[in-house]
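A.B. asks: One structure follows; several queries about it will come next.
The values are calculated or read from the model by the stated rules, or taken from the named source; none is laboratory data. All figures in this text were calculated on a predicted structure; none of them were measured in a lab. Virtual Cβ from ideal backbone geometry, glycine too; neighbours counted across all protein chains shown. Please note that ligands, DNA and RNA were not included when accessible areas were found on the heavy atoms of the full protein model with its side chains. Shrake-Rupley method; radii C 1.70, N 1.55, O 1.52, S 1.80 Å.
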Amino acid sequence: MKKTQTLSISLLFVLFTCAATFAQGSRERSTKKAQAAAQKSSNAARVFTEIMGTHEKSIPRDLLDKAEAVAVFPGVLKGGFIVGGRGGTGVISRRVAGGWSAPAFFDLGGGSIGLQIGVASTDYILLFMNERAVDSLLSDKFEIGGEGSAAAGPVGRSASASTDARLNAQILSYSRSKGAFAGLELKGVVIKPDNEDNNQVYGMTARDILTGGNKMSMETMPEGVRVFPETLSRYSSRR
């Protein structure tokens, strides 16, 4: 009887210890995810602010005001030898009443074949100009140049008449590399939701974050990620 009781107590102690260790590990992973999410949002906000601060070469405000969603992918790495590729992570916010939604986390990737060598870091900004473009983005895997048509976005203080053809595109794309910011026609780039991060941070998928009538308000979204929609609101807010 005593041996049985001792074994039972030992087993309960082991189970309790394992449960406590698992719970602690979960909390640590959750904290790390929250910190990483805040860093991604901060990096995206910094890139957007820096680009909008170069007035003669920034995204035109009247064009930005027409966008339904904005994506920023900071520090995307492109490189390789013979076979090249690019990869990075970023955030996307959709316009909501009075501002912008919580930033959903996405991955950007793509490949290319050709004679190339070396590594380069590039910041990408994408404007999704209508609801159709945003809806396409929320599929499991969205390829620019495949399902979505994109054009190099114009830069300057305003979108002039000479850019009318570009304004018909669903997506306008920009890049900054080695300090130079300009419109860039992207092809073969795949964007897909990072729902592991989205679920960890929000308990929702990218589709839940960016669609529906119950989008999170600024007050209810995690404090660490607010910097990105707050930054967008400083440059464009419909009334």
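A.B. asks: Could you check region 190-215 and list, in sequence order, the residues that are open to solvent by 40 Å² or more (accessible area, probe 1.4 Å) and not in a helix (DSSP H, G or I)? So that I can check it myself, show each step before the final result.
C.D. replies: Residues of region 190-215 that are open to solvent by 40 Å² or more (accessible area, probe 1.4 Å), as a first pass: 192, 195-196, 199-200, 203-205, 207-208, 212-215.
Those that are open to solvent by 40 Å² or more (accessible area, probe 1.4 Å) and not in a helix (DSSP H, G or I): LYS192, GLY203, MET204, THR205, GLY212, GLY213, ASN214, LYS215.
A.B. asks: Specify the residue that is modelled with the lowest pLDDT; the eligible residues are those in region 85-113 that are assigned to a strand (DSSP E or B) and aliphatic (A, V, I, L, M).
C.D. replies: So, considering only residues that are assigned to a strand (DSSP E or B) and aliphatic (A, V, I, L, M), the one modelled with the lowest pLDDT is ILE113.
A.B. asks: OK, next. Scanning region 156-181 for residues that are closer than 27 Å to ALA120 by Cβ and open to solvent by 50 Å² or more (accessible area, probe 1.4 Å), which turns out modelled with the lowest pLDDT?
C.D. replies: Out of the qualifying residues, it is ARG166.
A.B. asks: How do the pairs read when you match residues in region 60-77 that are more than 13 Å from ILE191 (Cβ to Cβ) and free of Cβ contacts under 8 Å to residues at least 60 places away in the same chain with residues anywhere that are not small (Gly, Ala, Ser) and not in a strand (DSSP E or B), using Cβ under 6 Å and keeping only pairs 6 or more apart or on different chains?
C.D. replies: PRO74/ASN43; PRO74/VAL47
A.B. asks: Additional query: Would you mind stating whether MET204 is touching a Pro at 6+ places or on another chain (Cβ under 9 Å) and either of a type outside the set (Phe, Trp, Tyr) or at pLDDT 85 or above (or both)?
C.D. replies: Numbers: touching a Pro at 6+ places or on another chain (Cβ under 9 Å): no; either of a type outside the set (Phe, Trp, Tyr) or at pLDDT 85 or above (or both): yes.
For MET204, the condition - touching a Pro at 6+ places or on another chain (Cβ under 9 Å) and either of a type outside the set (Phe, Trp, Tyr) or at pLDDT 85 or above (or both) - is not met.
A.B. asks: So if I check each of VAL119, VAL134, which one is modelled with pLDDT of 85 or more, among the β-branched types (Val, Ile, Thr) and more than 19 Å from ALA45 (Cα to Cα)?
C.D. replies: On the way: VAL119 fails: modelled with pLDDT of 85 or more.
VAL134 is the lone residue from the list that is modelled with pLDDT of 85 or more, among the β-branched types (Val, Ile, Thr) and more than 19 Å from ALA45 (Cα to Cα).
A.B. asks: Give the residue that is farthest from VAL91 (Cα to Cα), with candidates limited to residues of region 199-216 that are touching a residue at least 12 places away in the same chain (Cβ under 8 Å) and among the hydrophobic types (A, V, I, L, M, F, W, C). Outline the logic, then answer.
C.D. replies: So the first thing to find is which residues in region 199-216 are touching a residue at least 12 places away in the same chain (Cβ under 8 Å), and the list is 200-202, 205-207, 209-211, 215-216.
Of the ones still in play, those that are also among the hydrophobic types (A, V, I, L, M, F, W, C) are 201, 206, 209-210, 216.
Numbers: VAL201: 13, ALA206: 10, ILE209: 12, LEU210: 11, MET216: 15 Å.
The selected residue is MET216.
A.B. asks: Out of the residues in region 217-238 meeting the condition of being in contact (Cβ under 8 Å) with a residue 40 or more places away in the chain and not in a helix (DSSP H, G or I), tell me which one is farthest from GLU131 (Cα to Cα).
C.D. replies: PRO222
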